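Structure, as structure tokens:
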Amino acid sequence: MKYLSSAIVILSVCLIVSVFKLGPSSSLARAEARDFDSQEIGYSVVDQAVPTRMEMAQGSFDDDSAVVDEEEVVEIADPIYYWNKGMYHFNDKFYFWLLKPVARGYKWAVPELVRTGVSNFFYNLRFPIRLVSSLLQAKGSAAVGELGQFVVNTTAGIGGFRNVAKTHRKLNPSEEDLGQTFGMWGIGNGFYIVWPFIGSSTLRDSVGLVGDRFLDPVSYVDPREAALAITAGDKVNETSFRIGDYEALKEAAIDPYISIRDAYVQHRKKKVEE
């Protein structure tokens, strides 16, 4: 726990500094980015916005989307560009060399009904993150919806393996997390960060991830090795539903690194505004 506390202090100090405008993406990053027509990128193992990124990347090549309103493009500082590119390459290899083969084998061996049940279970288990974030944003109806969804799915849904509440609109509020909460409070993104295994993030969202970890029941499983194994199993299960999305994104994007970065920031902006 002392390491997590230290991480919170360090990230919090960085976040305070980053509130002051750091400016748009560095000219060095932009200049080097133009030197690469095609690059391998890191795959975000836990990020749930990958399908959204794929849709945005594909949409950018449609004729009807040829004209982009520059005022709607969200720019972000990228001062640790070389670190980020290195982590993208690392995550890319991790995905193709390990995660994807394991997920494909898992998908072949485990029926979709079971995999869906596992996904529902972990979503239901992590409801404290969404509940606390909704309360901190003063979204009373969303908090009530999250609590109701948890109770219904835990009881009638047999421990959360069935998403019984999905047919009730009020019990399916927009997902919230602490990164979105900070954004709703007016705290800026800071700068762009790519973490190994985790993928795209920002300084603000990184602090939020540390807080989310404290609210995640899985983090309290003892021993720690068991918690890591559970988390890894959850990620393999989730990846089994998204095999091919990352590949399609890389194929569609002219510069995957820039596309992923900009789409992530745009996606998070949309989530904060919901």
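Structural remarks
- Options 215, 203, 209; residue that is among the hydrophobic types (A, V, I, L, M, F, W, C), at pLDDT 95 or above and in contact with a Cys (Cβ under 7 Å, 6 or more places away or on another chain): 203
- Residue satisfying condition, being of a type in the set (Val, Ile, Thr), surrounded by fewer than 18 Cβ atoms within 10 Å (Cβ to Cβ), out of contact with any Lys or Arg (no Cβ under 7 Å at 6 or more places or on another chain) and touching a residue at least 40 places away in the same chain (Cβ under 8 Å), within set 243, 258, 254, 193: 254
- Selected residue (criterion: nearest to residue 174 (Cα to Cα)) from residues of region 261-274 that are surrounded by fewer than 21 Cβ atoms within 10 Å (Cβ to Cβ) and under 14 Å from the mean Cα position of the chain (by Cα): 271
- Region 163-178 - residue that is touching a Ser or Thr at 6+ places or on another chain (Cβ under 9 Å) and not polar (S, T, N, Q) and, of those, surrounded by the most Cβ atoms within 10 Å (Cβ to Cβ): 176
- The residues of region 151-180 that are in a helix (DSSP H, G or I), farther than 30 Å from residue 266 by Cβ and either within 22 Å of the chain's Cα centre (by Cα) or among the β-branched types (Val, Ile, Thr) (or both), listed by number, are 151, 152, 154, 155, 164, 167.
- Some residue of region 72-90 being at pLDDT below 95 and of a type in the set (Asp, Glu): yes
- Which listed residue is in contact with a Ser or Thr (Cβ under 9 Å, 6 or more places away or on another chain), of a type outside the set (A, V, I, L, M, F, W, C) and assigned to a helix (DSSP H, G or I), from 233, 183, 208, 188: 208
- Region 114-149, residues that are touching an Asp or Glu at 6+ places or on another chain (Cβ under 6 Å) and either modelled with pLDDT under 95 or not in a helix (DSSP H, G or I) (or both): 126
- Reported count of residues in region 150-172, each being among the small types (Gly, Ala, Ser) and either in contact with an Asp or Glu (Cβ under 9 Å, 6 or more places away or on another chain) or touching a residue at least 40 places away in the same chain (Cβ under 8 Å) (or both), is 1.
- Residues of region 236-255 satisfying the condition of being at pLDDT below 95, part of a helix (DSSP H, G or I) and not aliphatic (A, V, I, L, M): 245, 246, 247, 250, 251
- For region 172-208, a residue qualifies if it is over 16 Å from residue 274 (Cβ atoms) and among the aromatic types (Phe, Trp, Tyr), and the qualifying residues are 191, 192, 195, 197.
- Restricting attention to region 140-154, the residues being crowded, with 19+ Cβ neighbours inside 10 Å and under 13 Å from residue 173 (Cα atoms) number 6.
- Long-range neighbours under 8 Å by Cβ, at least six apart or interchain, first residue of a type in the set (Lys, Arg) within region 222-238, second surrounded by 14 or more Cβ atoms within 10 Å (Cβ to Cβ): 235/45; 235/46; 235/99
The values are calculated or read from the model by the stated rules, or taken from the named source; none is laboratory data. The structure displayed is predicted, hence computed values, not measured ones. As a convention, Cβ positions derive from the backbone with ideal geometry for all residues, glycine included, and neighbour counts pool all protein chains shown.
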